[in-house]
1. Where Lys and Arg each count +1 and Asp and Glu each count -1, what net charge lies around Asn79 among other residues with Cβ under 12 Å from its Cβ?
2. Nearest 500 deg cm²/dmol is fine: what mean residue ellipticity at 222 nm does the chain get from its DSSP H runs of n ≥ 4 alone, each adding -39,500 (n - 2.57), divided by its residue count?
3. Can you find, among Leu251, Ser9, Tyr131, the residue farthest towards the positive end of the dipole of the chain? Put +1 on the C-beta of Lys and Arg, -1 on that of Asp and Glu.
4. Where does the charge balance sit around Ile213 when Lys and Arg score +1, Asp and Glu -1, over other residues with C-beta under 15 Å from its C-beta?
5. Treating only the Cβ of Lys, Arg, Asp and Glu as charged (+1, +1, -1, -1), what charge dipole size does the stretch 120-259 show about its Cα centre? Round to the nearest 20 debye.
6. Among Val224, Ile65, Ala165, whose Cα projects farthest towards the positive end of the dipole of the chain, with charges put on the beta-carbon of Lys, Arg (+1) and Asp, Glu (-1)?
7. For the chain, give the percent of accessible area contributed by carbon and sulfur heavy atoms, probe 1.4 Å, rounded to a whole number.
8. Given contacts defined as C-alpha pairs under 8 Å and at least six residues apart, what's the relative contact order of the stretch 18-144, whole-number percent?
Amino acid sequence: QKALDLLSSRVGVGLLMASLLQVGFTVLANELAVNWIAEGHGVRLAEMLKLYPFSLIDVLLILSIRLQLAVFLLAVCYNVLRHVKLRRQILALPRNVLFGHGSSEVPESYCGPDLNDLKRMGRTSLVYAMYFPGIVFWHFFYASWILVLMFSFTCGCLVIVSQPAEVRSVHAQRIWPVLTYASFLCSVLLAHFVTRLFTQRCLLNQHGEGVQIRCLCLFSWYEVMLFLLSFAVGPTAALWDYFKGFLCTVLASLIIEKPNFTQFGELADYVYCTYCAALLLERMDRDRKDDSPRHHFEAQLETCQDLQRNCDR
């Protein structure tokens, strides 16, 4: 029954079409990569760039193609599971809650994206609903490739710098300082995170009636220190926030019910807009079937049959 419900869903069919397109692309890309490797282009490129081992480019190419397929299909499976759960809730909502104007009181049983935001995006994007299959494919395609290329590039750098000294690439001397600075930055960010948790645990007593500062003097000096430190780390923090924004957008592109920058209206991502529109159209189709005379006749007939069974007992 769940499989039939999924196949009757616009979103389910769209995700299935995107998966088939991705599988077709992977088969084609894998065939081209195998031929490219068989002709020795990867080894010659590694020799020209002086990358050791010479098979590094070939291995990373095949690994990236297959890993991208795995990321894409995992994203599809995750979104299918999330959509089935959300679709069941949307179909069960009262009509006045889903289609009523203005902000409506959200039932306590509802668990999902902001309902008022979903209603607004769906209503304003109903004519874009059929964009969903193509747009979700390209969003997943780009996002999965960006993540896989970042992972493969990091793995390639680690392999290059970890080679024995006698066969180590000349590029290792340039790559190693970059990896060192990146590791140092990650350690600073981790230390900053742990310090915040430790400081809040020691200085603050959070309970149901409010927050109590255990040592007001120490908290005040801590604020003075952070105030002065903010001007020193501000430029780096701003660049780090931009990078985090890019990375979060890439990750959120793999989750169709996660809205990206919907607060900017027309600048909102098309995946979420078309997903909301598809959900509303599915609910409209369910309401149309419920309002049909045949449905009322079948419901009354089923009720009469139930009453007859009870009387026979």
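The values are calculated or read from the model by the stated rules, or taken from the named source; none is laboratory data. Please read these numbers as outputs of a predicted model, since none were measured by experiment. All Cβ positions, glycine included, derive from the backbone under ideal geometry; neighbour counts span all protein chains shown. What goes into the accessible areas is simple: the full protein's heavy atoms, side chains included, and nothing from ligands, DNA or RNA. Shrake-Rupley method; radii C 1.70, N 1.55, O 1.52, S 1.80 Å.
1. Working: positive: Arg82, Lys85, Arg87, Lys258; negative: Glu257.
Around Asn79, the surrounding residues sum to +3.
2. On the way: 11 runs with 236 residues, N = 313.
One gets -26000 deg cm²/dmol as the mean residue ellipticity at 222 nm.
3. In the chain, that residue is Leu251.
4. Numbers: positive: Arg201, Arg214; negative: Glu209, Glu223.
Computed value for this residue: 0.
5. Working: 9 positive and 5 negative charges, 28 e Å.
Taking the Cα centre of the stretch 120-259 as origin, the dipole is about 140 debye.
6. Among Val224, Ile65, Ala165, the one farthest towards the positive end of the dipole of the chain is Ala165.
7. Working: 13860 of 20580 Å².
Roughly 67 percent, rounded to a whole number.
8. Numbers: 61 pairs, mean separation 38.9, N = 127.
31 percent.
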